[in-house]
Each structure stands twice: as structure tokens, then as C-alpha cells.
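Notes to accompany the following structure.
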Amino acid sequence: MQVADFDYHLPEHLIAQFPPEVRGASRLLHVDGAKLADGMFADLPKLLRVGDILVFNDTKVIKARLFGEKASGGKIEALVERVLDEHRALAHVRASKAPKPGTVLHFNGGASAVMVERRGDLFLLEFAGEQTVLELLEHAGELPLPPYITHTPDDDDAKRYQTVYARDPGAVAAPTAGLHFTEDLLHTLRGMGVHTAFLTLHVGAGTFQPVRVDDVADHVMHHERYSIPAATVDAIKAAKAAGGRVIAVGTTSLRALEAASQHGLLAEPEGDTDIFITPGYQFHAVDRLITNFHLPKSTLLMLVSAFAGYDVMRSAYAHAVAQGYRFFSYGDAMLLEPAQS
């Protein structure tokens, strides 16, 4: 398939610049083959049943964007892609000239780092001082809102661009399907016999990188680290054995579950994945998917087209545009039923 096959027209005013005034007050499009049902996210319990299991990504977004200058005075911007250990991280660095190994980078807020080496498109940075990378970022960094959100992050973003169950810091982008869930909704779902389980996949900035090839088969996916606790593995296997459906909350949860199941259901509960899911992929672990609307020509639009069907997704997106749904990270959601084989 060609990347152009995953293009669609999106009026700019449908790109959500802010979250809904109240968390969870989003719309929900239920996509079941040719059947499209408009509703509200609060209707989700009506679409689930006893024994289902929702699998959430509990990653926490870090203040991964740093601004500063080189010793020469040149302005720099760094976006931490992955924290490697207490003092080292891989980062995207924007500057008039790429820093060479040994260059000291001085960031606003007092943080500084030495550029150690290039690793492909990323730079290995070693941060100075006794504070860990995460501590430095919390003090000196800025929340990395997606490039299509145009305002400077504020205190409201610090709360709303984070799920209510976020607990493991390391992501540079939120697992946005989870932003719709409130504590009250989770309580309701558990009370009706729907199970919940958690895994961790630290979302990288690569999720926003454009696909720069024409043929889908030529695209090289970015790597992301995932970890699925034993309790989650056991809960999913028990739910499936009892006839329950595994419902991934977000494409990141789906990618982790599918990456772990390439050689048997959740056979590899921890690893580094560059799994690239496109139409024709056979799903091993996930039975339903809750997700937001994705960018044109993106790998995530390819993923949902693989899950629900290419023609189904084209119809669903056209419907969403016509009905004025809000798109992307702060936008509305879909519940996708799997394509009929």
C-alpha cells in the first residue's frame, strides 16, 4: 500500500487545541463494521460486558523539552526521547549546527549536559550534577505538547495531558485514549464486573514523526520499550479463558500486547519493540480497541485500519469529519470492533 492511501481531508478547526472542559465529556464513535453509532464517552459501560478486561498504559508524561544554548551562544532545543539511566538520555536536538561530541549544552533552569555521541537521529546526552535526569527535567523542562497544539503548555495541560492513573514517568507523549477515563468511570466499570489491568510503554516522540516514504513497506518504525507485569499477563489469560474480551485502551497498549504475543499469547512480557502494524496483520491478543482519531498518513492510522478494516476506517473518519468530532490528542474517541475476516 502507498502512504497516500491513508490520507484524508481534515479541516483545521477540528484539531482539538484544548481538552474538554470536564475530563471525560468527550464523544465516542462506536465503529462496528459498516455500523457507526454516535454517542458520548460516558456511554462506554453500555458497550462492555461482565468479564471484559480493559488494558491501560500507565506511563507518565515527563517534562521532556529543554531550551538553552551552546557555549558558543547558539540557541538549542532538546526533546528527551528516552531516559537511559540516572544521568544519560537520548534526545532530539535542534540547533543551527548539530552539536559535536564533547559539546556542553546549557539549558534554562540550570541544567547542563555533554553531548557524548550521535545514535542515528538522536543524541546521547550525559547530564551533570547529582540530580537524576527525571529530577532535572521536572525542574527545568517543559511539557512536550504535540506539534499540532499551538499554545504554550500551562498548569491545566500539566493535569489534563496526563491520565488519572499515570504512575511510571518516561513518556514524551500521552497515551491519549486514556485521557477520557475518570476515577468515577473506572469505579463504575469495575463495579459492573469489567476487569482493569496495566502495562507500561513509554511513548516516544517518534509517534509524531511523519512517514517520509511513499511505499508503506519502506517505512522504518521507531523503537519503544514496554513492560507487562505478571499480574496483567495472568489477568488477561484468565479473562480470555473465561470468554472475556481484551480491550486495549489506546494504540500504545495494543502495540505492547501484540509485540509481546508474536510467539504465543504474552510470551514476551518485556522488550523493545518496533512493531509496525498495517492492513493484513493478524492480531494475537487484542479483541477491541479504544482510541482517538489519528493524523493523516500516520502509522497509527495504518494500525487502526489494520484492526477495523481499511474501508471501514475511511468511512468512519469521513463520518467523524462530517459530524464535527474533535481530532487528535485532546479530541474525541472511538471504540473499534475488529474487522470481520
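Just to be sure I understand the rule: take each whole DSSP H helix in the chain, project its Cα atoms onto its long axis, keep it if the span is 20 Å or more and its mean Kyte-Doolittle hydropathy is at least -1.0. Which ones pass?
On the way: long enough: none.
Both cut-offs are met by no helix.
Give me the Kirkwood hydrodynamic radius of region 115-164 in Å, from all C-alpha pairs, to one decimal place? List each step's numbers first, then the result.
Working: mean 1/r = 0.0744 Å⁻¹.
It is 13.4 Å.
So what J values fall out for region 267-273 if you push phi through Karplus, 6.51 cos²θ - 1.76 cosθ + 1.60 with θ = phi - 60°, rounded to Hz, Gly and Pro as x?
With coefficients 6.51, -1.76 and 1.60, one gets 5, 10, x, 8, x, 10, 10 Hz.
How many angstrom separate the Cα center of region 1-63 from the Cα center of region 119-195?
18 Å
State, as an integer percentage, the relative contact order of the chain based on alpha-carbon contacts under 8 Å between residues 6 or more apart.
Numbers: 736 pairs, mean separation 84.9, N = 341.
That works out to 25 percent.
If you take all C-alpha pairs in region 197-242, what percent of them are over 18 Å apart?
Values: 549 of 1035 pairs.
Pairs farther apart than 18 Å: 53 percent.
Treat each spin label as a single point 7 Å out from the Cα along the C-beta direction, and report the ASP5 to LYS97 distance in nm.
Using points 7 Å along Cα→Cβ, the separation is 4.5 nm.
Can you list which of the GluC sites (Glu not before Pro) found in region 9-71 are DSSP loop residues with at most 14 other C-beta atoms within 10 Å? Before the final figure, lay out the partial values.
Numbers: sites: GLU12, GLU21, GLU69; in loops: GLU21.
When the GluC sites (Glu not before Pro) of region 9-71 are filtered for loop state and at most 14 Cβ neighbours within 10 Å, GLU21 remain.
In Å, what Kirkwood hydrodynamic radius results for region 121-237 from the alpha-carbon pair distances? Don't skip to the answer; put the middle values down first.
Details: mean 1/r = 0.0573 Å⁻¹.
After inverting the mean inverse Cα-Cα distance, the result is 17.4 Å.
Report the relative contact order of region 240-341, percent, no decimals, based on alpha-carbon pairs under 8 angstrom and at least 6 residues apart. Display every interim value, and only then the final one.
Numbers: 139 pairs, mean separation 29.8, N = 102.
For region 240-341, the relative contact order is 29 percent.
From the gyration tensor of the Cα coordinates in the chain, what semi-axes in whole Å does the equivalent ellipsoid have, largest first, with each one equal to sqrt(5λ)?
Numbers: eigenvalues 230, 95, 82 Å².
Each semi-axis is √(5λ); the values are 34, 22, 20 Å.
So if I average 1/r over every pair of distinct C-alpha atoms in region 1-72 and take the inverse, what Kirkwood radius in Å does that give?
Working: mean 1/r = 0.0571 Å⁻¹.
Final number for the Kirkwood radius of region 1-72 is 17.5 Å.
Kirkwood Rh over alpha-carbon pairs of region 244-341, then Stokes-Einstein at 20 °C and 1.002 mPa s: what D in µm² s⁻¹, rounded to an integer?
Translational diffusion coefficient: 154 µm²/s.
For region 142-181, what class follows from the C-alpha gyration tensor (a ≥ b ≥ c being the square roots of its eigenvalues): rounded when a/c is under 1.5, otherwise prolate if a/b is larger than b/c, else oblate? Spell out each step's value before the answer.
Details: a/c = 1.62, a/b = 1.52, b/c = 1.07.
Prolate shape, in that a/c is at least 1.5 and a/b is the bigger ratio.
Two decimals is fine: what is log10 I(q)/I(0) at q = 0.14, 0.22, 0.23, 0.28 Å⁻¹ for region 65-140, from a Debye sum with one equal scatterer on every Cα and no solvent?
Evaluating at q = 0.14, 0.22, 0.23, 0.28 Å⁻¹ gives log10 I(q)/I(0) of -0.35, -0.92, -1.02, -1.60.
All of the numbers you see were taken from the coordinates with simple rules; none came from a lab. Everything numeric here is computed off the predicted structure, so don't read it as measured data. Every residue, glycine among them, receives a Cβ derived from its backbone with ideal geometry; neighbour counts consider all protein chains shown.
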